[in-house]
Amino acid sequence: MESTYEKHQNNEEDQKINRSLKNLLIIINCTLMILGNSGGPLISRLYFRHGGHRQWLSSFLETTGFPIIILPLSFSYFHRRRRDPNTKLIFITLPIFFASAFLGLMTGLDDFLYAYGLSFLPVSTSALLISTQLAFTAFFAFLVVKQRFTPFSLNSVALLTVGAVIIGLHASSDRPEGVSKREYFVGFFLTLGAAALYGLVLPLVELTYRKAKQAITYTLVMEMQFVMGFFATAFCAVGMIVNKDFQAIPREASHYDIGETNYYTVLFFSAIFWQFFFLGTVGVIFCTNTLLAGVIIAVFIPVTETLGVIIFHEKFSSEKGVAVVLSLWGLASYSYGEYLEAKKKKEEEDVRPAEQSV
């Protein structure tokens, strides 16, 4: 029989392994999210910039890469089976399946709003507007998962809102060639709508985790993302069928500015990079919380901005520069507030054992 000391040692080793595995998952998911967050918008804008006109197709590509999740799911299953031959093939239950399906339909709508907006906006402007998602996330997290407002989060909401207003008031300074003022404002408000809707989706994902009557493992998170991806893709596929986009793809490819082969290459990598983003996002929420997902989206605004200016030679006006500064200021305010909250919570947890031992 094992002694008490040996059991204690084994428990400590298991905790170290679990901490190491969690840190590895955080790094992997943050990397996926970063690649998707910067690469996805740039490739989607590349599609529209060189002759692509199908918004439903662009939104379809944002989630159509969901079958790639089968690879890590298969690895997870065979790894579990080595340890337990009777392990389950699928962990997702019907309530979580239906919740994931609903979230998938919401994501499909969000994809369409974003793709339609991006077809009329420079990627740098779109990235700034999407940064307001952090403000919407804070608001909906307060309503949905009772994450309370602090002076820092309120300050960040105000700063991000002012940044979006500045861009709206100076629409003529960065309107792409061939885009009317009306189309620009349609893109502007649809992109804000996409930011708001995704700001609601993130807390709803966290709520699903909390309400699940089963252990939330990373395998279950991937299964949820698979279901969400399927229903989001199905939603956009219906739009493509109604709009006759499937029949238009070969014709659009043959007239694409940078060639037919490059057209299909753009579509392929658009699907891959967007799937990185969505898989990384749900993984980050699972490993940490909704906040970090919102922070990563916001913190890479300058990266997307810079790449948009370098790759597409977009204008970087003084108004846009002010909006970037306000966005980063809002991010810093939000992050510092959350740091203080986490520090306070940790101190309270450290005090409790001390009080119990007295």
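Only residues that are open to solvent by 70 Å² or more (accessible area, probe 1.4 Å), of a type outside the set (G, A, S) and either in a helix (DSSP H, G or I) or at pLDDT 80 or above (or both) were counted across segment 164-178, and they come to 2.
Residues of segment 129-155 that are touching a residue at least 40 places away in the same chain (Cβ under 8 Å), over 18 Å from L197 (Cβ atoms) and in a helix (DSSP H, G or I): P151, F152, S153, N155. In segment 329-346, the residues that are closer than 18 Å to L128 by Cα and in a helix (DSSP H, G or I) reach residues that are polar (S, T, N, Q) and open to solvent by less than 100 Å² (accessible area, probe 1.4 Å) with C-beta atoms within less than 6 angstrom, at least six apart or across chains, in these pairs: G330/S156; S333/N155; S333/S156; Y334/S153; Y334/S156.
When we screen T161, T208, T191 for residues that are in contact (Cβ under 8 Å) with a residue 24 or more places away in the chain, open to solvent by less than 40 Å² (accessible area, probe 1.4 Å), farther than 30 Å from S74 by Cα and part of a helix (DSSP H, G or I), the only hit is T191. Reported count of residues in segment 75-108, each being assigned to a helix (DSSP H, G or I), of a type outside the set (F, W, Y), surrounded by 11 or more Cβ atoms within 10 Å (Cβ to Cβ) and modelled with pLDDT under 90, is 4.
Residue-level check: of (1) in contact (Cβ under 8 Å) with a residue 60 or more places away in the chain; (2) under 20 Å from G65 (Cβ atoms); (3) open to solvent by less than 10 Å² (accessible area, probe 1.4 Å), A248 misses just (2).
Whether any residue in segment 259-271 is of a type in the set (A, V, I, L, M), open to solvent by 60 Å² or more (accessible area, probe 1.4 Å), more than 30 Å from Y77 (Cα to Cα) and under 23 Å from the mean Cα position of the chain (by Cα) is what I want to check. The answer is no; no qualifying residue exists. When the residues of segment 179-188 are filtered to those that are part of a helix (DSSP H, G or I) and without any contact (Cβ under 8 Å) to a residue 60 or more places away in the chain, the one that is most open to solvent (accessible area, probe 1.4 Å) is R182. Residue count for segment 109-134 satisfying the condition of being over 20 Å from E319 (Cα atoms) and open to solvent by 10 Å² or more (accessible area, probe 1.4 Å): 7. For segment 308-349, a residue qualifies if it is modelled with pLDDT under 75 and at positive phi, but none of them does. For segment 212-244, which residues satisfy the criterion of being within 28 Å of N23 (Cβ to Cβ), part of a helix (DSSP H, G or I) and open to solvent by 40 Å² or more (accessible area, probe 1.4 Å)? Residues satisfying the conditions are Y218, F226.
The values are calculated or read from the model by the stated rules, or taken from the named source; none is laboratory data. In this text the structure is predicted, and so the values were computed from the model without any measurement. Using ideal geometry, Cβ is built from the backbone for each residue, glycine included, and neighbour counts are taken over all protein chains shown. Side chains are part of the model used for accessible areas, which takes the heavy atoms of the whole protein and leaves out ligands, DNA and RNA. Shrake-Rupley method; radii C 1.70, N 1.55, O 1.52, S 1.80 Å.
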